[in-house]
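The structure under discussion appears below in the form of structure tokens.
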Amino acid sequence: MANESLGREDLDRLDITYLAEDASAYDAAEGFILMGSAVWTEQRQILLEASLIRNPRPVIVGNPDIVAPREDGFSTEPGSYAHRLGDATGVEPHFFGKPFQSIFDLAFARLGDFDPNRTVMVGDSLHTDILGGQAAGIKSALISGYGFFAGHEVDGRIKMSGICPDYILDRP
């Protein structure tokens, strides 16, 4: 699940097929990587679910976001489709991205020796950025004037979710 027009630079070591409407391509795959949903359709979701029901295989989710803010509203992201896959097929997706620990472990490994007390996760989402930073044991800063909360108050959402950032900033 990705937009082929964005290229394969990050995937050049993998033998990949961008999924479309050909059911045989789904059945031929050894596993699935869900990264971008700009060109994903309900028909493709149905084909993927049916293929996984016939033959369960690994599902790796490189973008676990459920939705993302866009100029004209919110888009449905790979995390949403992955959760639906799990519910429909019983195949448990493997998530690699915020708020899951694996992405923080990778970042921390690349940083080498660092002080978690001087590290801040900055983002515009309580459920990915702030929750992920907190779970990883670092401070968190919510950007309230951009992305999810642009033009909206955040205090009520923070109280309702129980996810409280260490800092709230209007803009990055």
Please report, in debye to the nearest 20, how large the charge dipole of the range 1-63 is about its Cα centre when each Lys and Arg carries +1 at its beta carbon and each Asp and Glu carries -1 there. 180
Which of Gly137, Gly97, Gly162 fluctuates most in a GNM of the chain (C-alpha springs under 10 Å)? That residue is Gly162
What list of ³J(HN,Hα) couplings, whole Hz, do you get for the range 24-40 from phi and the Karplus terms 6.51, -1.76, 1.60, once you set θ to phi - 60° and write x for glycine and proline? 5, 5, 5, 5, 7, 6, 7, x, 9, 10, 9, 10, x, 10, 4, 10, 6
Does anyone have the angle between helix 101-111 and the longest principal axis of the chain? Alpha-carbon axes, 0 to 90°, nearest 10? 70
Cα-centred dipole magnitude for the chain, charges only on beta-carbon of K, R (+1) and D, E (-1), debye, nearest 20: 380
Just report the Cα centroid separation between the range 110-172 and the range 1-70, whole Å. 29
Using the C-alpha atoms of the chain, what convex hull volume per residue, in cubic angstrom, is computed? 141
Give a residue-ordered list of calculated ³J(HN,Hα) values for the range 72-81 (Karplus: 6.51 cos²θ - 1.76 cosθ + 1.60, θ = phi - 60°; whole Hz; x for Gly, Pro). 10, x, 10, 9, 7, 10, x, x, 5, 5
Would you work out which of Val154, Met35, Pro172 lies farthest towards the positive end of the dipole of the chain, given +1 charges on the beta-carbon of Lys and Arg and -1 on that of Asp and Glu, about the Cα centre? Val154
Which one of Ser24, Leu52, Pro69 has its Cα pushed farthest toward the positive end of the charge dipole of the range 4-95, where Lys and Arg give +1 and Asp and Glu give -1 at the Cβ? Leu52
Listing Thr119, Thr128, Thr17 from the residue with the fewest other Cβ atoms within 10 Å to the one with the most, what is the order? Thr17, Thr119, Thr128
Under the rule of at least 5 residues apart or a separate chain, name every residue whose amide H is placed under 5 Å from the amide H of Thr119. Lys139
Top mean-square fluctuation among Phe95, Phe108, Phe32, Gaussian network model of the chain, C-alpha springs under 10 Å? Phe108
Go through 67-75, 33-41, 50-58 and give me the packing order, highest mean Cβ count within 10 Å leading. 33-41, 50-58, 67-75
Net length gained if the chain between Phe114 and Ser5 were fully extended (0.36 nm per residue, minus Cα distance): 35.5 nm
Fewest-first sequence of Ser80, Ser140 by Cβ atoms within 10 Å of each Cβ: Ser80, Ser140
Would you work out the charge dipole size for the range 114-169 about its Cα centre, treating the Cβ of every Lys and Arg as +1 and the Cβ of every Asp and Glu as -1, and quote it to the nearest 20 debye? 80
What are the ³J(HN,Hα) couplings of the range 153-158, residue after residue, when phi is run through the Karplus curve with 6.51, -1.76, 1.60 and θ = phi - 60°? Round to Hz, x for glycine and proline. 7, 10, 4, x, 5, 5
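Taken together, the values in this text are just the output of simple stated rules run on the coordinates, not laboratory data. Quantities reported herein were computed from a predicted structural model and do not represent experimental measurements. A quick note on method: Cβ atoms are made from the backbone with ideal geometry, for glycine too, and the neighbour counts reach across all protein chains shown.
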